[in-house]
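Colleague: First the structure, then my questions, so here it is.
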Amino acid sequence: MTGTVLGTHASSSLGTIVSGPVSSGGYNWYNVNYDIAPDGWSAEDYLGKTTDTVPPVVSGVQTTGIAPSSANIIWTTNEPADSKVLYGKIQSNLSLVSSSTAFEQNHSVALTGLARKTKYYYRAVSKDSSNNIGQSTVNSFTTAVGKPSALNNLKASKGSIVLSWGNVKNDDFIQKILIYRNTTSYPASSDNSSLIATMSNINQTSYADTGVSDGTTYYYSVFTVDDEGIFSDPATISFNLSSYVSNSSNGGGGGGGGGGGGGGTIPQSSSASSSSGTQSSSSSSSAVTSQSSSTPSSSSQQLSAPAPSLTQPLYFGSRSLQVKTLQGMLSTDKTIYPERLITGYFGQLTVQAVKRFQAKHNLETTGSIDIRTRAKLNEIYGSSSTTTAITKSTTTGYSSLTETQKQELIKQLQETIKKLLEQLLDLLKKKAGR
């Protein structure tokens, strides 16, 4: 091999072979990255193998890009190594992990799904190719303030006007819920004259607005507020008692159609739209009933049906064709939904089936169809290979149920009516106490 002599190393010098061997001049040559310069090609006759027992040196640990729910941890090592961050809210319990298996010297690991305004402790860890582990001391950072979590699944129903919503998302700093209303447009948080209710119990999921009249469209904005007085983005909905028309900004569904209890679901006779402008149901009660009870006219129609998909949030008490689609999906796995009832009603059996599905796929076991659960269901059951089985399942009507299944369905309906009556009585008591 020809080249320039860059220097010499003592017999105790250590380094890492990065390439070779190359045969030249009767020697095998290796390109060596020495721990101390210079680096270069060395003849095999003058090299010996050693076991690397020295861990990588972790230095320059920093936190960058701190946001309300995420942050990046960066650091460097003196040799190629993998990347791992151990973190948590308690310094002595860093049980959460985010990692990368890529071997590099400049490391960056993203932490996501963090809570806002919260202090986190972390340690940067790197392991080299010889399984030597180096780590930093425990450091900390606090996530950005951001905004409180907005309410989800906001709905309205008649009686007088009952607003209902899903549970407030996990946010330790939310202290109250504010409800605004006017008759011209969705009010902003600064419009104090439109404030009609301040709720300090953030676990409450409904509110009855009794100061309303027929023939008027009411526009509601609902905010969560944290301990620093920071407002969330609004959840908005409009409602007209006479026409039973409700429009929600969060895909919560339509309103109206019959008296409701506190937190009741939106009857399906209304016309509803989400922020994306998707129409969710017809404006005629008879049309909805006909559509819900219809069945395909032939097996060829079932086989040619497009792959089913879920497009909206669903939860206990929901009643729609989307619930039938959900039940059809779940019924393809008897370990998840052994009852296999396709009723279009989201009762306790469906809740338990959804929880089994969520547990099986490592999702939060809420028993409701949130965004992540809906995406996983569509991913698994939305392909053409499962269309036939699901379509056949969703055509099951009440007349095809066994006597045991009918009794179970009746039991579900009785439980739902009981809960709605309890909610109605609770609202009437609150009204009487004002």
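Colleague: Would you pick out the residues in the range 140-156 that are basic (K, R) and either at pLDDT below 90 or open to solvent by less than 30 Å² (accessible area, probe 1.4 Å) (or both)?
Modeller: Matches in the range 140-156: K155 only.
Colleague: Of all residues in the range 13-47 being of a type in the set (D, E) and in a loop (DSSP other than H, G, I, E, B), which is farthest from P80 (Cα to Cα)? I'd like the intermediate steps shown before the answer.
Modeller: Initially, the range 13-47 is screened for residues of a type in the set (D, E), giving 35, 39, 44-45.
Then keep just the ones that are in a loop (DSSP other than H, G, I, E, B); that gives 35, 39.
Values: D35: 13, D39: 16 Å.
Filtering first and then ranking leaves D39.
Colleague: Hey, another quick one. Limited to the range 309-364, what total is found for residues that are hydroxyl-bearing (S, T, Y), open to solvent by less than 50 Å² (accessible area, probe 1.4 Å), in a loop (DSSP other than H, G, I, E, B) and farther than 18 Å from L420 by Cβ?
Modeller: Number of matching residues: 2.
Colleague: Moving to a separate point now. Look at S232 and say whether it is touching a Pro at 6+ places or on another chain (Cβ under 6 Å), surrounded by 16 or more Cβ atoms within 10 Å (Cβ to Cβ) and either closer than 14 Å to T183 by Cα or hydrophobic (A, V, I, L, M, F, W, C) (or both).
Modeller: Considered against the rule, which asks whether it is touching a Pro at 6+ places or on another chain (Cβ under 6 Å), surrounded by 16 or more Cβ atoms within 10 Å (Cβ to Cβ) and either closer than 14 Å to T183 by Cα or hydrophobic (A, V, I, L, M, F, W, C) (or both), S232 comes out as no.
Colleague: Only one residue in Y120, Y87 is touching a Gly at 6+ places or on another chain (Cβ under 8 Å), under 23 Å from A144 (Cβ atoms), modelled with pLDDT of 95 or more and surrounded by 14 or more Cβ atoms within 10 Å (Cβ to Cβ). Which one?
Modeller: Y120
Colleague: For the range 33-79, give me the residue count where each residue is open to solvent by 70 Å² or more (accessible area, probe 1.4 Å) and in contact with an Asp or Glu (Cβ under 7 Å, 6 or more places away or on another chain).
Modeller: Of the residues in that region, 1 qualify.
Colleague: Kindly provide the set of residues from the range 197-229 that are modelled with pLDDT under 85 and either among the charged types (D, E, K, R) or surrounded by 15 or more Cβ atoms within 10 Å (Cβ to Cβ) (or both), ordered by number.
Modeller: Correct list: D214 only.
Colleague: Please go through the range 1-26 and give me each residue that is small (G, A, S), open to solvent by 90 Å² or more (accessible area, probe 1.4 Å) and either within 13 Å of Y46 (Cβ to Cβ) or at pLDDT below 70 (or both), ordered by number.
Modeller: S11, S12
Colleague: Take T16 and decide whether it is free of Cβ contacts under 8 Å to residues at least 24 places away in the same chain, of a type in the set (V, I, T) and farther than 24 Å from G146 by Cβ.
Modeller: Details: free of Cβ contacts under 8 Å to residues at least 24 places away in the same chain: no; of a type in the set (V, I, T): yes; farther than 24 Å from G146 by Cβ: yes.
Answer is no for this residue.
Colleague: Select from the range 1-47 the residues that are of a type in the set (F, W, Y) and in contact with a helix residue (DSSP H, G or I) (Cβ under 9 Å, 6 or more places away or on another chain) and list them in ascending order.
Modeller: Those that are of a type in the set (F, W, Y) and in contact with a helix residue (DSSP H, G or I) (Cβ under 9 Å, 6 or more places away or on another chain): Y27, W29, Y30.
The values are calculated or read from the model by the stated rules, or taken from the named source; none is laboratory data. Remember, predicted model here, so these are calculated numbers, not experimental data. For neighbour counting, all protein chains shown are included, and Cβ atoms are generated from backbone atoms with ideal geometry for every residue, glycine included. Areas reflect the complete protein model, heavy atoms only, side chains present, ligands, DNA and RNA absent. Shrake-Rupley method; radii C 1.70, N 1.55, O 1.52, S 1.80 Å.
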